[in-house]
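Structure, as structure tokens:
Derivation of every value follows stated rules applied to the coordinates shown; laboratory data play no part. Just so you know, these numbers come straight off a predicted model, no measurement behind them. When we count neighbours, we look across all protein chains shown, and the Cβ atoms used for this are built from the backbone with ideal geometry, even at glycine.
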């Protein structure tokens, strides 16, 4: 069993504990702004791992965190980000288009190609 680590690694809007992640891609499927995608990872049981490709586009909806069955992904608290002088992004057409492209690519990063 992985270690539950909920501490933000450094004023990030979203972060993942890859020790807990089983690469189910549920979080990628629910992210409305294309922040997350899967990447190939030979050391993973399923040959893939979650990747945070566009943290700057995170809107703070927490859909990824709420849908993760393994408590592997976390979204920052708004107050915590504000204290660091940061904020969540607004959902843009570019972010929506990126998410559609990731979905069409079997949840893999658009740069990596379909599996």
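Spatially, region 89-104 and region 45-73 are offset by 15 Å when compared through their Cα centroids. Can you tell which of 85, 34, 47 shows the greatest fluctuation in a Gaussian network model of the chain with Cα springs below 10 Å? Sorting by GNM fluctuation, first place goes to 85. Highest mean packing first, where packing is the average number of other Cβ atoms within 10 Å per residue, the peptides 77-84, 95-102 line up as 95-102, 77-84.
Dividing the helix sum by the residues of the chain, where each DSSP H run of 4 or more adds -39500 (n - 2.57), gives a mean residue ellipticity at 222 nm of -6000 deg cm²/dmol. Shown here is the pair-distance distribution of region 60-99: with all Cα-Cα distances grouped in 10 Å bins from zero up to the longest one, the shares run 26, 41, 32, 1 percent.
Over the chain, the alpha carbon radius of gyration divided by the compact-protein estimate 2.2 N^0.38 Å works out to 1.02.
Order these by the 10 Å Cβ neighbour count, fewest first: 43, 37.
The fewest-first ordering by Cβ neighbours comes to 43, 37.
Once the Cα-Cα distance is subtracted from the 0.36 nm per residue extended length, the residue 82 to residue 39 segment shows a gain of 12.4 nm.
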